[in-house]
Amino acid sequence: MKKKLLVIVLLFSLLNLVFSQKKQVRNDSIKKKIDFAVIPMVSYNNSFGGQIGFMSNGFFDINKEDTISPTSMVGIFGSYFTNSTFFFGVISKNYFAEDKWRTRTVLAYGNIEFQTYVDVPGYLGETEAGSVIIDYNTKVPFIYLSGMREIFNKIYGGVQVSYSQSKTEFNSDGIPVDIPTETEHLFGFGLDSEFDSRDNIMNPHTGMNAILQTTSYLEALGSSSEYHRIKAAFNKFFKFNTKSILVARLYAVASVGDVPFSGQNIVSRDDMRGYSKGEYRANQVYNIQTEYRWNFYNKWGVVFFGGLGLATDDFQGNNYSGILPSIGTGIRFKAIVSRNINIGIDVAKGKNDWGLYFRIGEAFGR
């Protein structure tokens, strides 16, 4: 039944993709002041149930006489799921002054009905490892601001700040322990750095992109917990010809200190696609991935991807997930030719899990 439902959702999603691209103007090889890409989202997954939502991005040049800066973007998104989860937000990425300056902004709110896995000593749980699946609800507003300046030859450096106020309530009915409600006020600040030699931000064919971010949450500045997070990613793009490229990616994120539940990292989304249940959650997440992108006909393309990852709390192997595989494929349509921007849908399979993903732009560009 789930396989039939997945096929139906994929077919309906493909129709959504085709329908959304029909709204583009016929002469889409000419840049307008603002180009729009819109994707309606209708989906299903094991954790949240049915989904209805949308993504809408506007692409523009801050200064039309600036031919060096990449295309800037402002987008809005929102989704509602049948398990009462919903979220919405605004995101912007701005490039200006001949790409000497870069800024990013995220404003979002979510009411998340999700699940996690808890080890209960002496209790036979629902998984092979003896852990128990419990539901939880998190309500969280989120703000993120980042600004970087080019320091030297495509190397950027700057600062970033974030704020969130989360309240997480756990449903521990049926298990012999009571998990208290967790309320967190987290104000984070840190360094934001990047090396970027990509030939196109939204749909690169050559070059490299490497990021290194640090974030510190300090009780002295009002945070409920004190801990630090380091995130690093490296992407390399290999162009075979005008229609196909290969992407290699390394990714790592680690939280250290008094890490709260909301500060942990989850194996999911671009890192890695194919995991939607939230089963693999720990202080640290690492993975290696590759993706092949092929423009097989006119504006249409396809991607194939795979990777290996893991989650753990520390290098001693506490809360170790084991090696996690991921494999998947997706379809692309070049919605805005003048800016080389694709929209698409991916489906991926992980260990005892799967996921369906809508996107404007390509993976690994967040």
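Annotation: for a label point projected 7 angstrom from Cα along Cα→Cβ of Tyr292, residues of region 318-343 with backbone N closer than 18 Å are 326-332. Applying a threshold of 30 Å to the alpha-carbon distances of Lys154/Lys231; Lys236/Lys349; Lys100/Lys334; Lys154/Lys334; Lys154/Lys351; Lys299/Lys351 flags Lys154/Lys351; Lys299/Lys351 as lying beyond it. For a quick check, take a GNM of the chain with Cα springs below 10 Å and name the residue from Leu310, Leu186, Leu218 with the largest mean-square fluctuation. Maximum fluctuation in the GNM of the chain, among the listed residues, is at Leu218. When +1 charges are put on Lys and Arg Cβ atoms and -1 charges on Asp and Glu Cβ atoms, the dipole computed for region 186-239 relative to its Cα centre reaches about 300 debye. For region 253-294 versus region 193-235, the spacing of their alpha-carbon centroids is 14 Å. Relative to the longest principal axis of the Cα atoms of the chain, the long axis of helix 2-21 makes an angle of roughly 30 degrees. Taking label positions 7 Å along the Cα-Cβ direction at both Leu221 and Ser92, the computed distance is 2.3 nm, reported to one decimal. Here the Karplus relation 6.51 cos²θ - 1.76 cosθ + 1.60, evaluated at θ = phi - 60°, turns the backbone of region 83-94 into coupling constants of 8, 6, 6, 8, 7, 7, x, 10, 9, 9, 10, 10 Hz, with x for every Gly and Pro.
Taking 13 Å as the straight-line reach from the Cα of Lys93, the aspartates and glutamates in range (excluding those fewer than 8 positions away in the same chain) are Asp61. Of all the options Asn241, Asn57, Asn319, the one that moves most in a Gaussian network model of the chain with Cα springs shorter than 10 angstrom is Asn241.
Projecting the Cα atoms of Val161, Asn340, Ser268 onto the dipole axis of region 93-360, where Lys and Arg carry +1 and Asp and Glu carry -1 at the beta carbon, places Asn340 farthest toward the positive end.
We did not get these values from a lab; they are worked out from the coordinates using the rules stated. Just so we're clear, the structure is a prediction, and the values are computed from it rather than from any experiment. All Cβ positions, even for glycine, are placed from backbone atoms using ideal geometry, and neighbour counts span all protein chains on display.
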